[in-house]
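Below is one structure, written out as structure tokens; comments come after it.
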């Protein structure tokens with residue numbers, strides 16, 4: 001009877017944390033900002049190349065950069081009909097006309113198809129990594145549901161919070177001990193941070209540090225108005241976090257246990273101190289198991305991390321490829337690395353609203369505002385919205401399946 005009550009309480013708790021009401025805020029924020037950007041883009045005049053009788057404007061290079069900026073009205077002036085007819089000129093067109101006349105070629109459609117494939121690859125290798133880290137204690141179905149719920153939880157919380165705390169609960173309900181669940185989540189975070197720490201210097205080496213940042217310094221975060229400063233502060237924070245996780249898992253797990261017990265000595269949560277002590281003991285045991293893992297275990301897990309995160313970033317490259325055939329793919333990849341730091345400290349659920357604004361700032365050099373707004377919508381549809389839908393669909397099924405297992409064992413491991 002007590003076990004049934006405990007399970008019912010658990011189900012209610014997780015359903016309240018992942019309720020449909022919590023989905024509304026990120027969706028409204030994301031759709032609202034996207035709609036605003038698209039509306040603003042549709043109001044702007046654009047220019048395109050024209051010849052002989054069609055031309056109405058000439059280029060004057062107002063910013064002296066030697067490049068024609070088709071989305072900037074200041075770059076063009078009306079052609080003086082009394083003057084000599086230039087061999088090449090420009091004409092003003094509306095954003096609606098540009099969108100209507102855009103040709104959805106086979107290449108563009110193929111690029112969007114590969115963007116969708118990147119989504120599949122991303123989640124597949126997340127599942128592979130989870131099975132490696134748990135020594136295949138989770139089958140493919142369970143791994144898929146865990147990943148969807150993990151991403152769902154992350155989509156409903158600010159990026160700085162993430163879905164890690166709920167992920168521990170999810171893994172525990174799948175049959176892993178709390179200590180092993182905590183260790184698995186910590187190793188997952190460690191792998192993600194290592195990927196970032198290693199990839200950033202490599203991209204800087206090939207792209208250069210100057211090009212990674214947009215020309216505009218419109219970001220002001222926590223009083224810091226230099227995007228470069230924000231980025232390097234964020235990078236150092238990630239580096240420090242990686243060191244702390246490594247020390248807690250591999251060097252001084254008993255110290256991590258002491259830190260947990262110290263935290264649970266606070267008046268409001270002191271009643272769970274005994275449970276926290278058990279978690280700490282399990283974490284120490286899990287740490288010992290992790291230190292005895294073979295090199296192949298770590299190489300496979302990091303390889304899956306590398307493939308998953310690469311697919312995550314290349315999704316945007318393929319979206320851009322649908323609209324323009326020539327651009328620096330490594331630069332787009334690198335700017336996503338910088339943008340990720342901005343999204344990491346976003347206060348909104350799943351960085352909704354902030355992600356769309358940052359996207360517009362980082363990639364305005366690549367497409368006209370109208371097509372950039374469309375690309376931003378596609379990007380969020382492929383990298384964010386699917387997890388809101390999938391998580392909502394998976395949650396009831398997962399609760400029933402794991403609930404049956406709990407009835408057999410009596411309680412989570």
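Miscellaneous remarks
- Packing-based exposure ordering (other Cβ within 10 Å, fewest first) of 122, 131, 254: 254, 131, 122
- Between residue 35 and residue 288, full extension at 0.36 nm per residue minus the direct alpha carbon distance yields a gain of 85.9 nm.
- Between residue 229 and residue 96, the modelled labels are 4.5 nm apart [label points 7 Å from Cα along Cα→Cβ].
- The label-point distance for residue 274 and residue 365, in a model that sets each label 7 Å from Cα toward Cβ, rounds to 6.1 nm.
- Residues of the range 271-303 with amide N under 16 Å of the 7 Å Cα→Cβ point at residue 252: 284
- Sorting 377, 31 by the number of Cβ atoms found within 10 Å of their own Cβ, with the fewest placed first, yields 31, 377.
- Arranged from fewest to most other beta-carbon atoms within 10 Å of their beta carbon, 306, 24 become 24, 306.
- Each residue, residue 135 and residue 116, gets one label point 7 Å from its Cα in the Cβ direction; the gap between the two is 4.0 nm.
Coordinate-derived values only; no laboratory data. Since the model is a prediction, treat every value here as computed from it, not as a measurement. Note: ideal-geometry Cβ built from the backbone for every residue, glycine included; neighbour counts use all protein chains shown.
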